[in-house]
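Shown next, in structure tokens, is the structure this report addresses.
The values are calculated or read from the model by the stated rules, or taken from the named source; none is laboratory data. All values derive from a computational prediction rather than experimental measurement. Ideal geometry is used to build each Cβ from the backbone, glycine not excepted, and the neighbour counts take in all protein chains shown.
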């Protein structure tokens, strides 16, 4: 059933691997206004997909950009720091009007001075976000060097100079860790592309069994049988036809990648409004599949394409394949659209890979039956079962529509579609689907059903079993089959289920001093030193869990991987878990505030842990897991986001054995 769910659905995942994100670089320059007045210019260059917030942000919003110029008797600050023109939007997350900058922006500050050439030092505190995540607020030290102090016209790239200032003795370790994480990232990207190809291939096979596509097989075979004078010619034409289908859909995937960019749809897929719009689109697709109306392309398109299909040779065969794509759009369009969004959420060439898998599933049967028309006798006859396939796909589209609505609700934190409500909707959808498959419900375009086939009965039993499986989720069951689809356990009316699914077994008094209950009642320390002290006392290794309150992939690991019985046993009994939240906004005590090696001012608890992760492990993305001994030495290579419980378990065991 799990693979049936994955068939036309998508997991909106923005994977964060253990690597340094540095999307903003700062450069400074100085312009002379008149004899005693100069303009200090701080230029922020922002990577594509990221944005930097304005100096004016309402209370309760994100961290505003703020400049603090060092005071000096040699000059006077004139007026306020001005900024370039940004983009002002009604932010759906913070529910307020916010201005931010993309690509590049200049901040200008006038000063007046008389005397010898000088330099002006300043600090800039800022926060950068994309549509999927925000990095912890950072502080950069800027130096504005005047003509005469350095060569005229020279700008200082603060970001570059800080990167170059890394002590050389840490370079080998940093290189090794970067290599390990890069290898893990490449491996997971390859697995992601393979997963997309498999899902797309299965989706193409499902599309093949719809009433818009399946009846086209005998028509195609008939055409090639009449047009091919020899068997060899028939086989070659069939191969060209199959390749033409693949080329058409791969071109579609390439067009999506080219128009929107390799990674922009990845960011778009986590946007609130995108999720709401796609929810509406999927509902329309579902209603169409169920027989309320047909979604078709303009008839003039198919007429024009058909006229070209009458040509002889390769051109005519290609237009025949294009005609198939257009005529079958009412069935394939919703599936292709869903696949493209799923593929785009992975970025890169994933849309191309997705369309390759989808088109191959359609092209191979057409090409084979065109080359060997005798095989047609083995195909089942067209009939009402084709409409049944279409209706089943409609129910699946409807179920996944609510996943998009749930994503929007989670980001907005409206609590309108909490876990229990979401599961109740899915139980209703799949319950009605089971009744439909058993013949208790009929929809438009359904043929009379005097009896049900063994295949339909079997599918109905599978759907009914899945429906019953979801029911305990209303009382707090984890539901591993669909982990990641419903909202997390904590986003519910009863986080522990009705009646407390823990059964009262947890006793807070048994917790170690300074620890608290974490996910799945795992004792967790949120302070490094206190966690290390306890680990030495009980002689256990430590797992550093660099996480965040707003980290989506952190929650996925906690929901999908940590509940595994063997993993959970280790996390509870074999190690000491220290979770360090990099977005903890609590202020550090005044005496604990400091300036990091990078020049950043560390003033918050989250900033302290973020700086620790960056300086020690050369990574700033979460989740990030490190197993260490009592002296802080790594027991094995750090791990990033990986939803494979077996691999995560092997990683834990390796570290414990080394300890």
Q | Failed condition for residue 489, given (1) at pLDDT 75 or above; (2) more than 27 Å from residue 636 (Cβ to Cβ); (3) surrounded by 19 or more Cβ atoms within 10 Å (Cβ to Cβ) | A | (1)
Q: Filter the range 263-293 for residues that are at pLDDT below 65 and either loosely packed, with under 15 Cβ neighbours inside 10 Å or in contact with a helix residue (DSSP H, G or I) (Cβ under 7 Å, 6 or more places away or on another chain) (or both) and give the result.
A: 265, 266, 268, 269
Q.
I need every pair where a residue in the range 50-79 that is on the phi > 0 side of the Ramachandran plot has its Cβ under 8 Å from the Cβ of a residue that is surrounded by fewer than 19 Cβ atoms within 10 Å (Cβ to Cβ) and not in a loop (DSSP other than H, G, I, E, B), sequence separation at least 6 or different chains.
A. 60/96; 79/110
Q. Counting residues that are modelled with pLDDT of 85 or more and out of contact with any strand residue (DSSP E or B) (no Cβ under 7 Å at 6 or more places or on another chain), which strands (runs of 3 or more DSSP E) fully inside the range 1-87 reach at least 1?
A. 75-83
Q: Need at least 2 residues that are farther than 30 Å from residue 485 by Cβ and touching a residue at least 60 places away in the same chain (Cβ under 8 Å) per element, so show me which strands (runs of 3 or more DSSP E) inside the range 515-629 make the cut, counting only ones lying wholly within it.
A: 624-628
**Q.** From 140, 97, residue being surrounded by fewer than 15 Cβ atoms within 10 Å (Cβ to Cβ) and modelled with pLDDT of 70 or more
**A.** 97
